[in-house]
Amino acid sequence: MKVSFGHMGTLTTIVEMLLEDLGHEPITPDRPTRQTLALGAKYAPEFACIPFKIVLGTYIEGLERGADTLMSGGGYGPCRAGLYGQLHDRILKDLGYDFDFIFFWPPLRKPAHFFRQLKKTKHPHSWRHLWRSIVKCYKKLIVLDDLEILAQQIRPREHKAGSTSRAFDRVYKMMRSVKNEQDIKEAGEAARRVLLDVPHDSEKKTLRVGIIGEIYVQLEPFANFFIEEQLGHMGVEVRRSIYLTSYARHDVLSTKGDMGSRKLAMPYLSQKVGGHGQNSVGDIIRYSKQGFDGVVQLAPFSCIPEIVAKSLVPRLSKDHGIPVLTLFIDEQTGAAGIQTRLEAFVDLMQQRRLRSLDIGA
């Protein structure tokens with residue numbers, strides 16, 4: 001099979017490696033561009049969210065490059081994202097594309113369907129071969145998450161703006177090229193040294209911001225206007241509420257989600273509202289308890305779970321003494337507007353910190 005799939009941050013290289021390990025030819029998507037988004041928006045329903053449109057555009061680009069199979073997965077519950085696979089399939093076939101669509105529901109939600117799709121994907125290999133490949137991919141995922149966190153710590157402390165991002169591009173290419181467990185371990189150690197060699201002031205005190213919200217706009221830099229880099233260059237250390245390894249533990253391999261965040265959210269939002277809406281509420285409280293200076297909520301325009309969470313932000317911010325900036329994003333959002341709002345938010349946090357120091361003195 002020639003398989004293409006949606007691009008979502010570092011997950012892209014993991015899916016690529018898994019497909020190669022199973023004997024398929026991955027048609028690996030490039031990082032999305034404005035052209036990708038425009039292509040998806042052209043054929044998507046008007047009020048579909050930006051992840052839907054980006055992924056649709058990515059699928060079209062993959063099919064045009066010769067893919068005969070598309071692969072995707074989706075959540076299960078009140079979030080409409082669970083229906084996106086079926087809608088993508090229908091739109092693309094109405095456009096005249098001929099392909100197979102392998103769509104994975106969460107394994108604990110629809111186990112029979114999940115294993116039927118998995119069997120189709122692993123053919124002709126054994127279940128043992130598939131399991132070993134998944135374990136290897138997960139180990140690579142752990143390394144990639146650790147490297148992202150390290151880059152997030154170094155970027156606001158770098159001596160020369162952009163040096164951490166350039167170093168991370170190098171280590172990402174390095175990690176993408178390794179295929180076996182021993183090489184993954186050795187490359188991870190070498191990549192860590194590359195990042196630590198970036199000239200930076202490890203003692204520098206920085207603002208800290210938690211990133212919360214919908215998974216795709218958190219993990220795909222194009223969808224969030226490269227917000228981690230923007231904040232890092234403003235001297236802010238960021239920490240996302242979702243990394244791929246935590247998502248695998250809390251959402252893919254569990255039906256309960258992140259219980260720590262859900263427990264914190266209960267006094268304000270006592271039931272799941274789909275997506276990561278309830279988590280976003282709990283994550284604001286969690287970041288406040290951990291002493292972060294602020295929180296940025298990222299959400300696709302029209303995302304109902306995040307709209308519900310946003311309605312609680314004024315109360316959460318007041319009760320827990322932490323400023324929250326919400327950014328709703330669609331294809332009309334401009335980079336300059338995002339940058340201006342981030343600069344104002346950083347200035348607000350700096351003023352708050354100075355006032356707290358004056359009071360403490």
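Quick one: in region 1-59, of everything that is hydroxyl-bearing (Ser, Thr, Tyr) and touching a Leu at 6+ places or on another chain (Cβ under 7 Å), which residue is nearest to Trp127 (Cα to Cα)?
Restricting to residues being hydroxyl-bearing (Ser, Thr, Tyr) and touching a Leu at 6+ places or on another chain (Cβ under 7 Å), the top hit is Ser4.
May I ask you to say which residue of Val295, Val281 is β-branched (Val, Ile, Thr) and either surrounded by fewer than 23 Cβ atoms within 10 Å (Cβ to Cβ) or assigned to a helix (DSSP H, G or I) (or both)? Don't jump to the end; show me each part of the working.
Values: Val295 fails: either surrounded by fewer than 23 Cβ atoms within 10 Å (Cβ to Cβ) or assigned to a helix (DSSP H, G or I) (or both).
None of the others qualify; the one that does is Val281.
Please enumerate the residues belonging to region 260-286 that are more than 16 Å from the chain's Cα centre (by Cα) and closer than 16 Å to Leu327 by Cβ.
Kept after step one, since they are more than 16 Å from the chain's Cα centre (by Cα), are these residues of region 260-286: 260-274, 278, 281-282, 284-286.
Listed by number, the list holds a single entry, Ile284.
With the structure loaded, tell me whether Leu312 is of a type outside the set (S, T, N, Q) and out of contact with any strand residue (DSSP E or B) (no Cβ under 8 Å at 6 or more places or on another chain) or whether it fails that test. It would help to see each step written out before you state the result.
Numbers: of a type outside the set (S, T, N, Q): yes; out of contact with any strand residue (DSSP E or B) (no Cβ under 8 Å at 6 or more places or on another chain): yes.
Yes.
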Wholly inside region 123-211, helices (runs of 4 or more DSSP H) that include 3 or more residues that are within 19 Å of the chain's Cα centre (by Cα) and of a type in the set (A, V, I, L, M) are 127-154
Only one of (1) more than 28 Å from Pro45 (Cα to Cα); (2) modelled with pLDDT under 95; (3) small (Gly, Ala, Ser) does not apply to Gly294, and that is (2)
Taking region 162-191 and keeping only residues that are in contact with a Gly (Cβ under 9 Å, 6 or more places away or on another chain) and in contact (Cβ under 8 Å) with a residue 40 or more places away in the chain, one is left with Thr164, Ser165, Met175
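The values are calculated or read from the model by the stated rules, or taken from the named source; none is laboratory data. What you see is a predicted model; the values in this text were computed from it and never measured. Because the Cβ atoms are built from the backbone with ideal geometry, glycine has one as well, and the counts that use them run over all protein chains shown.
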